[in-house]
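Here the structure is laid out as structure tokens; the discussion comes afterwards.
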Amino acid sequence: MARRLSRREFVKKTALAAGAAVGAHLSGAPCILGGPSPGSRLGTAVVGAGGRGMAHLGVAAGERLVALVDVDDNRMAGAIKALEKSPGFDVSKVKTYFDYRKMFDEMHKDIDVVFVATPENHHACASMAAIKLGKHVYCEKPLTHDVYEARALGEAARQYKVMTQMGDQGHAGEGIRALREYLEAGAIGTVLETHSWQTQVYGPRTRGPTKPVPPGLHWDEWIGPAPYRDYHDSLHPSPGWYQWMDFGTGLLGGLAPHVMDPVHWCLQLKYPASCVALEQEGRTPDVWPTLNTLLYEFPRPDLPPLKAYWYDGVRENKDPDVKGKAGNMVTTILNRPRLADELEKKHGREFTGGGTLFVGDKGVMVCGVYGDGPRIIPEEKHKEFPMPAKKYPRTRDIHTDFLRACKEGGEPPCSNLPDVAGPFQEAMLVGNLAMRAGVGRKVEWDGPNMKCTNLAELNQYVKREYRKGWTL
């Protein structure tokens with residue numbers, strides 16, 4: 001039986017992957033980022049400080065933390081409490097806000113770097129405000145809510161000459177670089193298709209009854225640029241908003257920035273020519289499906305198109321022969337490639353987590369969710385293949401890489417918006433258009449012009465309308 005990864009476990013793993021600097025600083029242990037002199041420290045702000053932003057507090061405080069933003073006063077209190085535990089840190093010097101627009105109006109001269117860790121309906125607006133003020137930006141994944149925003153942020157970052165980084169931690173790791181080196185060394189020949197899956201599951205979302213806004217929650221600011229709706233607790237607190245189309249991007253947006261990053265970067269892809277939903281369950285007009293199988297086709301010069309499959313969610317188990325380790329019939333089965341099942345039976349290797357299978361004309365490779373642990377299958381072939389030379393520069397972690405670029409200039413961060421994260425995000429979000437189209441309705445995609453060429457009704461979702469007061 002495939003093991004589901006709970007939301008709590010996933011956040012824990014992601015926070016650990018973000019780098020030990022966070023916990024180390026807040027616990028008083030030495031910060032792995034090292035110690036620039038006080039005069040050279042960057043003025044930092046964290047937007048979404050009490051949620052995912054907690055993973056960035058230690059890094060921000062290791063510089064010169066000047067501002068925190070969170071729409072939930074209770075979560076803000078949790079962030080402040082965490083900072084108070086850091087020896088020698090003066091919380092009184094940090095200003096707090098529930099509206100990042102006001103923070104930028106009042107404090108932009110004090111800020112050099114902004115960490116954006118809100119729900120994704122705010123990612124583009126908060127990041128663009130910072131970029132236009134000449135601030136370096138680290139934005140959590142998924143980079144944006146829709147395709148146009150990803151293009152706009154990349155172009156703005158280039159125009160304003162700021163450093164940017166998307167928070168796909170695996171992109172700074174050893175695994176994804178080693179994987180690319182193996183593939184380019186011909187470990188499995190020409191890659192013809194890939195299969196990417198993950199183990200996190202969101203249940204179906206239904207709108208609960210309208211309720212009074214909880215004390216301390218600034219609801220209008222939480223809604224931000226999205227269409228207004230009354231408060232209900234299936235939206236907030238998280239992770240409810242992930243599945244709601246107006247606020248989140250579903251499992252594809254939440255996990256593909258990690259799981260499909262090795263596919264897009266290692267094979268040097270850009271925009272897909274098409275994407276189609278092969279399977280879909282649990283979709284409603286407002287909520288992303290709870291199960292999806294997608295097929296992207298990426299054009300490649302001088303090579304056949306790459307077929308890249310994406311799997312998420314679980315399906316009902318209707319096969320009495322499929323049982324768990326305890327021997328009992330399981331009620332649900334993880335939606336993952338049949339090839340993973342076949343390889344498990346053939347080679348006795350168990351795929352307990354998500355990851356990607358790369359299928360070449362001379363063999364198969366696998367890597368984990370973050371591109372980690374790349375191996376040729378079966379293991380004997382991996383041991384026989386000479387370890388390839390290291391072609392791609394290594395970095396300590398995603399934060400270190402970002403701050404290095406902010407302070408020193410030169411080479412952009414590894415997952416910068418104009419060249420890497422932006423085009424990747426555009427490609428992934430074509431999958432959400434395919435989900436909207438429905439099973440079997442292929443989305444034919446003009447990437448350079450950000451346009452669906454065969455289903456014109458989908459183009460309204462390429463660039464959304466913002467609520468009054470919230471703009472790029």
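Some observations on this one:
- Flag for residue 250 being at positive phi and either in contact (Cβ under 8 Å) with a residue 60 or more places away in the chain or not assigned by TED's automatic domain parsing to the domain that holds residue 100 (or both): yes
- Of all residues in region 127-150 being assigned to a helix (DSSP H, G or I) and more than 16 Å from the chain's Cα centre (by Cα), the one that is surrounded by the fewest Cβ atoms within 10 Å (Cβ to Cβ): 132
- Qualifying position, being surrounded by 14 or more Cβ atoms within 10 Å (Cβ to Cβ), without any contact (Cβ under 8 Å) to a residue 24 or more places away in the chain and more than 16 Å from residue 173 (Cβ to Cβ), among 442, 463, 451, 383: 451
- Any hit, region 82-97, residues being of a type in the set (Lys, Arg), part of a loop (DSSP other than H, G, I, E, B), in the same structural domain as residue 43 (by TED's automatic domain parsing) and at negative phi: yes
- Residue count, region 80-119 (criterion: touching a residue at least 24 places away in the same chain (Cβ under 8 Å) and either within 21 Å of residue 165 (Cα to Cα) or out of contact with any Asp or Glu (no Cβ under 7 Å at 6 or more places or on another chain) (or both)): 27
- Residue match in region 416-434 (condition: in contact with a His (Cβ under 8 Å, 6 or more places away or on another chain), within 30 Å of residue 348 (Cβ to Cβ) and not basic (Lys, Arg)): no
- The residues of region 451-472 that are under 29 Å from residue 222 (Cβ atoms) and polar (S, T, N, Q), listed by number, are 459, 460, 471.
- Of the candidates 276, 259, the single residue that is of a type in the set (A, V, I, L, M), modelled with pLDDT of 95 or more and buried (at least 21 other Cβ atoms within 10 Å of the Cβ) is 259.
- Test: residue in region 136-151 that is over 27 Å from residue 460 (Cβ atoms) and out of contact with any His (no Cβ under 8 Å at 6 or more places or on another chain): yes
- When region 303-356 is filtered for residues that are of a type in the set (Val, Ile, Thr) and at pLDDT 90 or above, only 356 remains.
- A single member of 269, 252, 306 is in contact with a helix residue (DSSP H, G or I) (Cβ under 6 Å, 6 or more places away or on another chain) and buried (at least 19 other Cβ atoms within 10 Å of the Cβ), and it is 252.
- Residue in region 188-203 that is part of a loop (DSSP other than H, G, I, E, B), touching a helix residue (DSSP H, G or I) at 6+ places or on another chain (Cβ under 8 Å) and without any contact (Cβ under 8 Å) to a residue 60 or more places away in the chain present: no
- Index of the failed condition, residue 444 passing every other in (1) part of a strand (DSSP E or B); (2) of a type outside the set (Val, Ile, Thr); (3) not assigned by TED's automatic domain parsing to the domain that holds residue 281: (3)
- Selected residue [outside any loop (DSSP other than H, G, I, E, B), out of contact with any Cys (no Cβ under 6 Å at 6 or more places or on another chain) and modelled with pLDDT of 95 or more] from 427, 434: 427
- Flag if residue 103 is surrounded by fewer than 24 Cβ atoms within 10 Å (Cβ to Cβ) and at pLDDT 95 or above: no
- Residue, farthest from residue 281 (Cα to Cα), within region 151-187, restricted to residues that are in a loop (DSSP other than H, G, I, E, B) and small (Gly, Ala, Ser): 185
- Residue among 327, 410, 355, 348 that alone is in contact (Cβ under 8 Å) with a residue 60 or more places away in the chain and not charged (D, E, K, R): 355
- Candidates in region 165-191 are the residues that are farther than 26 Å from residue 131 by Cα and of a type in the set (Asp, Glu); of these, the one that is surrounded by the fewest Cβ atoms within 10 Å (Cβ to Cβ) is 184.
- Taking the numbered list (1) among the β-branched types (Val, Ile, Thr); (2) surrounded by fewer than 24 Cβ atoms within 10 Å (Cβ to Cβ); (3) within 23 Å of residue 164 (Cα to Cα) in turn, residue 398 passes all entries but (2).
- Positions within region 44-66 being buried (at least 24 other Cβ atoms within 10 Å of the Cβ) and either outside the structural domain of residue 99 (by TED's automatic domain parsing) or in a strand (DSSP E or B) (or both), in sequence order: 44, 45, 46, 47, 65
- In region 211-238, the residues that are not assigned by TED's automatic domain parsing to the domain that holds residue 50 form Cβ pairs under 6 Å with partners that are polar (S, T, N, Q) and not in a loop (DSSP other than H, G, I, E, B), at six or more places apart or across chains, as follows: 216/74.
The values are calculated or read from the model by the stated rules, or taken from the named source; none is laboratory data. The model shown is predicted, which means the values in this text are computed figures rather than measured ones. With ideal geometry, Cβ positions are generated from the backbone for all residues, glycine too; neighbour counts draw on all protein chains shown.
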